[in-house]
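The values are calculated or read from the model by the stated rules, or taken from the named source; none is laboratory data. Source: prediction; values computed, not measured. Methodologically, a virtual Cβ is constructed for each residue, glycine included, from the backbone with ideal geometry; neighbour enumeration extends over all protein chains shown.
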Amino acid sequence: MSPRKPIASRRTHAKKLLPPLQFSQPLPYGAVLHDKGVQFVVYSRSATAMRVLLYAGVDAAEPDEVIELDPTSDRWGDIWSIYVPGVKPGQLYHFQADGPFDPEHGQRFDGSARLLDPYARALAGEFSIGPDGLLRPPKCVVVDDAFDWQGDRHLRRGLADTVIYEMHVRGFTNSPTSGVAHPGTYLGVIEKIPYLQSLGVTAVELMPIHDFAAALPGADGTVRGNYWGYDPIAFFAPHRGYASGTEPGCQVREFKEMVRALHAAGIEVILDVVFNHTAEGNHLGPTLSFKGLENRVYYMLGDGGSTYKNYTGCGNTINGNHPIVRELIFLCLRHWVHNYHVDGFRFDLASVLSRDRNGDILPNPPIVELITEDPMLADTKIIAEAWDAAGAYQVGSFAEMRWAEWNGRYRDDVRRFWRGDFAQTGHLATRLAGSSDLYGNDGRQPCHSINFFTSHDGFTLADLVSYREKHNEANGEGNRDGDNNNFSENYGVEGPTRRPEVNELRSRQIRNMLATLLVSQGVPMMLSGDECRRTQGGNNNAWCQDNAVSWFDWSLVETNADIGRFARELIRFRRGNPTLRRRSFLEGGSSAAGVLPDVEWFSPDGVHIDWYTADGGLTCFFAAPSPEKLRQGPDPAAGGIEGVPRHVLIFAHAGGGPRTFAMPQPKAVRTLPWRLFVHTSQSPPNDIFADGRGPVINVEKPLLLPERSLVVMVADTELSPRKAARGVGSRPE
């Protein structure tokens, strides 16, 4: 097809009242506010004409004014820029560009398409179908970034001292059970901050809040929903659907209010960012922004430009290592750090950023290096999902010192061990110790491993121990979508059951995995709702389920208060015991000579383990480090290290029957004053003891562990709490 004719201009703008664009500004692109107007700035190398469309209101079908840019006076190189006096914050606009339409060679200009500004600070309105049959995107909003931060700054919590809580802004409070005044919004999150504080997490990792296509209407009238938000259309704009207000741009203020309130509560904000694809899809997808401005630059193309390379599973792939796109990503990250005070980023399908324009994996990708070295991002947490949808898997090798990674190996190994799979004991030990096999050879540290066993993508924890198979029929794809390799188990019944023995075992497995996560070296990440057994009914790919399937059911907080208490006490213990938050990898050794090594491994009979014959039973001893040892490594916590180091002893039994464990035989371990902290096979409240102050353990008596159970014991060091506090910081409240 050929592009349609452009909307006729109603006015040709005259001479500009300000000098040409000043490139010294921090964000030179987009709608740049001046005292008496706005300068509109957009990049396009191949456009032959450019227009700014101004609208009188959100519901306006046609622009109130169309301003033509003069290619002789309003273009500097490949940048089009025009100053429009009288334009104020709240003004709605689109760009529109003429240019070559040659799809066989990657050119897709359409002079009638209304285009989103790639640097738009906010969007307003919804998608619609115009009388010409073309999809029209929401309108861009001119934004004033002024905000009273009330002295707020980044919290700068050390990565090693972080406990991450992955959550969905809308899903966290949209259920009627939430009881908030602003359900499903940024302000709704503020209302639930006391809950987050009581849980003890130190950071929320928000699923995508870059404005995205929550629902795209098709030409046939059908609507494709996207609850998760992994379909971005405006990287600089907070999602308009999470605002409680209705005025254009109010989401900017409300998002900042949420960040400010979370910071005041001591909770950092990490954004899940999707710099790997957009909602424009493949050659059959709509033209919303990048396609209509410079398709050959913004996307990886194949077959001479006629097709889109798809390393994301979403139809297209952003050309992240092209200088223009690299600049956009770089300025976007700075924008969120500077204007919104966010504390870090988790990069979705980050391996896409390792690919060059041909899709080949680069050894030193320019965009990854740029993010690594940027001084404005120096205080932020940088986390990679180190794989993509086309087979790249870089867990343990994605980048260098600045980058932590979602440790997919941790997820799989912990699941398989507790399911009772064969020969998993050594793998569990490696994950408990911080995954030195992945991060110990390139100068990184245990905190570069983001440990998790559940995330938004896959089963919830409750479903992981209740379903052997996925149940995604409600997604409308014949249960073909979603991962088939879940390493899950139902323990005799698929889904809910009234059989008490099955429910008791499931509860124990939930405790086993929560305890494993929170006593492992590295950084724990919990999925929102796992602490109260939130279920998705076996759906392991609920990307389109904007309903009770995905929403946080707040009645579960009371119904499953025992699991909530278990999680809170584990988090509190972890934050109070820096033994579990080492800055350097453990060195091992033997305590036979009376000197405690930092870690020792024992078999159930109390002797040092033989890894060749290990069979599902493991005892792990973490010795409390000295203050000097704690501070080794690249990530010392700002202001001192929280808590008093204490020795930790872990007994893990993944077998299907009871098993006897002897206390480790070395005298240096046996003579420590051990107290019970966790016993997952005991009924609440004896499943966990506050602050590890449970009953004193008789080390001469063997320990009988029922099937699939875990015990954690704690011993104080020789230092008194007061002396220890002076040496390594104070314990958290």
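Here are a few things to note about the model shown:
- Looking across the range 261-280, just one residue is farther than 25 Å from Ser550 by Cα and out of contact with any helix residue (DSSP H, G or I) (no Cβ under 9 Å at 6 or more places or on another chain), and that is His263.
- Each residue in the range 307-328 was checked for being part of a helix (DSSP H, G or I) and without any contact (Cβ under 8 Å) to a residue 60 or more places away in the chain, and 4 pass.
- Residue satisfying all of: in the range 276-306; of a type in the set (Val, Ile, Thr) and either closer than 15 Å to Gly111 by Cβ or not in a helix (DSSP H, G or I) (or both); farthest from the chain's Cα centre (by Cα) among these: Thr287
- Screening Ser520, Ser550 for residues that are touching a His at 6+ places or on another chain (Cβ under 9 Å), in contact (Cβ under 8 Å) with a residue 40 or more places away in the chain and buried (at least 23 other Cβ atoms within 10 Å of the Cβ) leaves exactly one candidate, Ser550.
- Count of the range 447-489 residues which are closer than 30 Å to Leu586 by Cα and in contact with a strand residue (DSSP E or B) (Cβ under 8 Å, 6 or more places away or on another chain): 9
- Flag if Pro597 is assigned to a loop (DSSP other than H, G, I, E, B), modelled with pLDDT of 95 or more and not assigned by TED's automatic domain parsing to the domain that holds Asn451: no
- Residue within the range 656-674 that is under 12 Å from Arg508 (Cβ atoms), outside any loop (DSSP other than H, G, I, E, B) and at pLDDT 95 or above present: no
- Filter result for Ser507 (part of a helix (DSSP H, G or I) and farther than 20 Å from Val163 by Cβ): yes
Here is a yes/no grid of residues against (1) charged (D, E, K, R); (2) out of contact with any Pro (no Cβ under 6 Å at 6 or more places or on another chain):
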| residue | (1), (2) |
| --- | --- |
| Asn316 | no, yes |
| Asn321 | no, no |
| Ser351 | no, yes |
| Asn364 | no, yes |
| Asp374 | yes, yes |
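- Scanning the range 127-148 for residues that are surrounded by fewer than 18 Cβ atoms within 10 Å (Cβ to Cβ), under 28 Å from Phe330 (Cα atoms) and in contact (Cβ under 8 Å) with a residue 24 or more places away in the chain gives Asp144, Asp145, Phe147.
- On inspection, Val180 fails the criterion of being crowded, with 23+ Cβ neighbours inside 10 Å and among the aliphatic types (A, V, I, L, M).
- Scanning the range 102-113 for any residue that is within 26 Å of the chain's Cα centre (by Cα) and within 14 Å of Leu288 (Cβ to Cβ) turns up nothing.
Per-residue answers, yes or no, for (1) closer than 22 Å to Met207 by Cα; (2) of a type in the set (Val, Ile, Thr):
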| position | (1), (2) |
| --- | --- |
| Glu531 | yes, no |
| Thr535 | yes, yes |
| Asn539 | yes, no |
| Asp562 | no, no |
| Leu570 | no, no |
| Gly576 | no, no |
| Leu586 | no, no |
| Ala593 | no, no |
| Val599 | no, yes |
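- Identity of the residue in the range 363-395, without any contact (Cβ under 8 Å) to a residue 40 or more places away in the chain and assigned to a loop (DSSP other than H, G, I, E, B), that ends up surrounded by the most Cβ atoms within 10 Å (Cβ to Cβ): Ala386
- Any hit, the range 174-185, residues being touching a strand residue (DSSP E or B) at 6+ places or on another chain (Cβ under 9 Å) and modelled with pLDDT of 95 or more: no
- Only one entry of His105, His94 meets the criterion of being in contact with a strand residue (DSSP E or B) (Cβ under 6 Å, 6 or more places away or on another chain), within 22 Å of Ser44 (Cβ to Cβ) and at pLDDT 95 or above, and that entry is His94.
- Close contacts from the range 149-171, counting a first residue that is of a type in the set (S, T, N, Q) and a second that is assigned to a helix (DSSP H, G or I), with Cβ to Cβ under 9 Å and a gap of 6+ residues or different chains, come to Gln150/Arg260; Gln150/Ala264; Thr162/Cys447.
Okay, residues lined up against (1) under 19 Å from the mean Cα position of the chain (by Cα); (2) polar (S, T, N, Q); (3) farther than 28 Å from Lys309 by Cβ; (4) at pLDDT below 95:
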residue: Arg357; (1), (2), (3), (4): no, no, no, yes
residue: Glu385; (1), (2), (3), (4): yes, no, no, no
residue: Val395; (1), (2), (3), (4): yes, no, no, no
residue: Ala399; (1), (2), (3), (4): yes, no, no, yes
residue: Trp403; (1), (2), (3), (4): yes, no, no, no
residue: Trp406; (1), (2), (3), (4): yes, no, no, no
residue: Asp413; (1), (2), (3), (4): no, no, yes, no
residue: Trp418; (1), (2), (3), (4): no, no, yes, no
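- Only residues that are out of contact with any helix residue (DSSP H, G or I) (no Cβ under 8 Å at 6 or more places or on another chain) and either under 18 Å from Thr425 (Cα atoms) or among the hydroxyl-bearing types (Ser, Thr, Tyr) (or both) were counted across the range 501-535, and they come to 0.
Okay, residues lined up against (1) surrounded by 21 or more Cβ atoms within 10 Å (Cβ to Cβ); (2) free of Cβ contacts under 8 Å to residues at least 12 places away in the same chain; (3) not charged (D, E, K, R):
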position	(1), (2), (3)
Asp546	yes, no, no
Glu558	no, yes, no
Ile563	yes, no, yes
Arg574	yes, no, no
Pro604	yes, no, yes
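- Residue within the range 345-361 that is buried (at least 20 other Cβ atoms within 10 Å of the Cβ), in contact with a Cys (Cβ under 8 Å, 6 or more places away or on another chain) and aliphatic (A, V, I, L, M) present: no
- Of the candidates Arg334, Arg346, the single residue that is among the basic types (Lys, Arg), in contact with a Leu (Cβ under 8 Å, 6 or more places away or on another chain), in a strand (DSSP E or B) and in the same structural domain as Tyr439 (by TED's automatic domain parsing) is Arg346.
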